[in-house]
Amino acid sequence: MSEPTIEERRHSAAHLTARAVCNVFEDVQVDIGPATDEGFYYDFDLPHRISPDDFPKIEEEITRLIALDEPFVKKTVSREECAKMLEGQKYKLERLADIPEGEDISTYTVGDWAEMCRGPHVSRSKEIGVVHLTRVAGSYYRGDEKNKMLQRIYGIVARDEAELKEILERAEEAKRRDHRRLGVELDLFHLDPEDPGQIFWHPKGWSIYVTLQDYMRAKLVKDGYSEVNTPAIMPRSLWERSGHWDHYKANMFITESEKRVFAVKPMNCPGALEIFKSRTRSYKDLPLRLAEFGHCARNEPSGTLHGIMRVRGFVQDDAHILCTEEQIEAEVAKFCRLLMDVYSDFGFEKNLLVKLSTMPEDHVGDEATWQHAEKALAAACVASGMKYEIQPGEGAFYGPKLEFTLIDALGRPWQCGTIQLDYQLPSAERLNAEYVGADGQKHHPVMLHRAVLGSLERFIGILIEHYAGAFPLWLAPEQIRILAISGKAAGYAEKVRAALAADGWRVTVDASADKLGAKIREATLQKVPYQVVVGPRDEAAEQVSVRSRSGGDLGAMKLPEFIAKLHEESGK
């Protein structure tokens with residue numbers, strides 16, 4: 001028998017947590033308890049206000065239930081049998097009512113506990129391992145603030161106590177690296193509760209943002225992209241033709257002017273096609289690569305917002321490639337090489353996960369076209385030296401896609417890059433983009449939607465946590481801080497600053513009256529890559545005393561020698 005997956009263990013732990021809570025407390029109503037990327041949660045409604053003080057006794061009961069090593073037994077039942085099984089559990093019965101008539105209803109039973117559930121689960125409870133409860137929070141039933149707020153208990157699972165210790169240590173390290181905390185400590189940005197989902201970038205944070213954008217812009221120019229910019233607000237008629245009005249209206253910010261309805265763009269693709277359509281295109285123009293750092297706005301529920309990683313206003317390193325069917329494989333391979341080049345510059349070249357999402361049941365276009373597209377994506381992956389996993393049926397309705405997931409310093413996955421193959425949006429039924437082929441006839445191009453970083457805001461959040469705020473020299477908002485030992489050294493400090501700034505470095509001077517030790521501590525806390533200490537002796541010797549964030553005291557050196565070191569490290 002194969003070892004259960006982590007998702008099966010997490011989901012099974014959620015079931016035993018619900019069972020344990022019902023055993024420990026009275027009058028408990030249960031709702032749902034899925035596995036998550038971090039562990040699991042379960043939602044409860046009960047008179048007792050659960051707090052972390054209750055966790056030990058709940059965990060003790062979970063441990064007892066796991067030790068019983070009872071089997072998880074799956075059974076398909078009728079609606080009537082299921083209703084009898086769930087008698088008295090109002091939330092479960094409401095969920096049962098959602099299931100269409102005639103659809104199979106599966107249940108899982110472990111000991112005296114039975115749930116309506118699709119699974120899958122472990123075979124026996126001992127396979128779960130160790131369960132640790134982490135926190136409790138409020139959660140509206142069905143995610144609707146008009147409904148009652150339930151109590152949501154979160155937890156994690158481990159194979160044994162040793163692995164649990166490692167997981168908890170990583171969790172503590174994740175707290176230390178939390179971009180929301182570091183963003184404030186390093187004075188990068190702030191978030192205003194009066195304006196949820198929007199970011200106020202401070203000078204240091206904006207320096208990172210602009211540097212990252214300029215870095216990507218240089219990569220795009222080398223790779224044959226033309227940068228464009230499209231309106232932030234576009235008419236309802238365009239969104240209706242593109243299909244977004246029907247499928248995405250709930251997440252769009254809508255406004256009205258002169259009795260016309262407009263929407264703030266949640267994505268950039270319709271604008272790119274409008275540029276393509278603005279003049280007659282020939283097959284000789286293809287592939288046409290249009291890049292846009294387009295500002296998008298999405299009306300995300302406030303409860304889903306998370307620092308700068310899940311926001312309402314963001315910019316994507318977006319691009320749309322208009323090409324022929326024959327050019328798909330080469331363009332995807334070209335994109336994969338660009339993506340790997342970029343990720344390696346940030347230290348993400350190892351353990352990159354690639355997934356190929358194939359044709360879903362609800363799709364447009366014929367199966368032969370889909371097979372051709374999937375084959376092209378797969379071949380491009382192989383040609384780029386990357387392995388991929390298949391995600392059956394997870395493609396977009398208009399075409400298959402590749403998704404690229406990074407693994408950060410803590411081993412956490414972040415899905416960032418993507419390339420999607422789209423036959424739908426350029427079609428006659430949608431935005432009707434055309435080019436004149438070699439045969440003199442009009443044809444519809446294929447559209448590749450692609451992003452390397454994804455949202456710049458989210459990627460910066462990932463980088464903050466990946467580097468723990470200690471950005472590499474080329475990206476650091478403050479690359480060098482000059483520390484004047486005393487007021488007598490202020491003039492020389494300014495001379496050194498001017499020379500470094502003239503060479504293109506982001507440099508500041510600390511000529512305050514603080515003692516040198518305090519200045520060093522402050523620069524260290526701000527994670528400045530290099531500290532340059534100057535005093536009268538340094539001025540007389542025309543040198544600087546250099547301290548590295550990573551290597552400590554590097555000693556005295558001539559300024560040109562220090563600049564050469566900076567160039568070598570940053571790859572200038």
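Of all residues in the stretch 321-349 being of a type in the set (D, E, K, R) and more than 18 Å from the chain's Cα centre (by Cα), which is surrounded by the fewest Cβ atoms within 10 Å (Cβ to Cβ)?
This residue is E326.
Here is a yes/no grid of residues against (1) β-branched (V, I, T); (2) buried (at least 18 other Cβ atoms within 10 Å of the Cβ):
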{"residue": "L273", "(1), (2)": "no, yes"}
{"residue": "K284", "(1), (2)": "no, no"}
{"residue": "L288", "(1), (2)": "no, yes"}
{"residue": "S302", "(1), (2)": "no, no"}
{"residue": "R312", "(1), (2)": "no, yes"}
{"residue": "V315", "(1), (2)": "yes, no"}
{"residue": "A319", "(1), (2)": "no, yes"}
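Of everything in the stretch 521-541, what is aliphatic (A, V, I, L, M) and either over 19 Å from L182 (Cα atoms) or part of a strand (DSSP E or B) (or both)? Give them in sequence order.
Of everything in the stretch 521-541, those that are aliphatic (A, V, I, L, M) and either over 19 Å from L182 (Cα atoms) or part of a strand (DSSP E or B) (or both) turn out to be V532, V533, V534, A540, A541.
For residues that are of a type in the set (G, A, S) and within 25 Å of Q89 (Cα to Cα), tally how many sit in the stretch 110-134.
4
How do the pairs read when you match residues in the stretch 237-265 that are farther than 18 Å from L431 by Cβ with residues anywhere that are of a type in the set (D, E), using Cβ under 8 Å and keeping only pairs 6 or more apart or on different chains?
These pairs meet every condition: N251/E300.
Here are L410, L425, L406: which of them is surrounded by 19 or more Cβ atoms within 10 Å (Cβ to Cβ), more than 25 Å from E227 (Cα to Cα), at pLDDT below 95 and touching a helix residue (DSSP H, G or I) at 6+ places or on another chain (Cβ under 9 Å)?
L406
Name the one entry in L475, L463 that is in contact (Cβ under 8 Å) with a residue 12 or more places away in the chain, surrounded by 17 or more Cβ atoms within 10 Å (Cβ to Cβ), out of contact with any strand residue (DSSP E or B) (no Cβ under 7 Å at 6 or more places or on another chain) and assigned to a loop (DSSP other than H, G, I, E, B).
L475
Please count how many residues of the stretch 98-121 are farther than 20 Å from Y42 by Cα and either loosely packed, with under 13 Cβ neighbours inside 10 Å or not assigned by TED's automatic domain parsing to the domain that holds K148 (or both).
5
Can you tell me which residue is modelled with the lowest pLDDT among those in the stretch 242-269 that are assigned to a helix (DSSP H, G or I) and in contact with a Pro (Cβ under 8 Å, 6 or more places away or on another chain)?
Y248
For V544, work out the one condition from (1) in contact with a helix residue (DSSP H, G or I) (Cβ under 7 Å, 6 or more places away or on another chain); (2) not in a strand (DSSP E or B) it doesn't fulfil.
(2)
The values are calculated or read from the model by the stated rules, or taken from the named source; none is laboratory data. These numbers come from a predicted model, not from an experiment. A quick note on method: Cβ atoms are made from the backbone with ideal geometry, for glycine too, and the neighbour counts reach across all protein chains shown.
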